[in-house]
Amino acid sequence: MERALALDVGDRTIGIAVSDLLGMTAQGVETIRRTSMENDLKRLQQLMEEYETGKLVVGYPRNMNGSEGPRCEFVRGFCDEIKKAIPQAEIVLWDERLSTVAASRSLIEADVSRKKRKKVIDKMAAVFILQGWLDSNS
């Protein structure tokens, strides 16, 4: 099975997670600090090459009632930019409702300080997104 990268796309950061080779577990990779679209896409392409994958599971932030709001448009716009820069990328939009909440709770339960949580929350949200997608495909 091919690995997959998950993205939790925000205004200032992009949380990244990767699946294992068996497609069973997700691990956090890094949080990209957004500087420009060009730099964001360049780093994403480097990670795709490093982990030998063309599959991107992108968190799709639907509203709680299932409707699409402005954040969904924002994520779709980012995915459009990925497709232009990396045409071979296979993008899967994955409902990420409450992934950041779950990640935050998990970090609080692990007694991670607020300062440290802030540094890893996006990466952890990407882990929750990817693990949800992996579990649904097993």
Review point. From the list S36, S113, S138, which one is more than 18 Å from A6 (Cβ to Cβ), at pLDDT below 95, surrounded by fewer than 12 Cβ atoms within 10 Å (Cβ to Cβ) and not charged (D, E, K, R)?
Key: S113
Review point. Just for region 19-33: of the residues that are under 15 Å from G132 (Cβ atoms) and of a type in the set (A, V, I, L, M, F, W, C), which one is surrounded by the most Cβ atoms within 10 Å (Cβ to Cβ)?
Key: A26
Exercise for review: Filter region 64-75 for residues that are surrounded by fewer than 17 Cβ atoms within 10 Å (Cβ to Cβ) and either touching a Leu at 6+ places or on another chain (Cβ under 6 Å) or in contact (Cβ under 8 Å) with a residue 12 or more places away in the chain (or both) and give the result.
Suggested key: M64, C72, F74
Study note, to complete from the structure: Within region 48-70, residues out of contact with any strand residue (DSSP E or B) (no Cβ under 6 Å at 6 or more places or on another chain) and either part of a strand (DSSP E or B) or not hydroxyl-bearing (S, T, Y) (or both) come out as M48, E49, E50, E52, P61, N63, M64, N65, G66, E68, G69, P70
Revision key, fill the gap. Given (1) part of a helix (DSSP H, G or I); (2) β-branched (V, I, T); (3) modelled with pLDDT of 95 or more, T100 misses just (3)
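The values are calculated or read from the model by the stated rules, or taken from the named source; none is laboratory data. The model shown is predicted, which means the values in this text are computed figures rather than measured ones. When we count neighbours, we look across all protein chains shown, and the Cβ atoms used for this are built from the backbone with ideal geometry, even at glycine.
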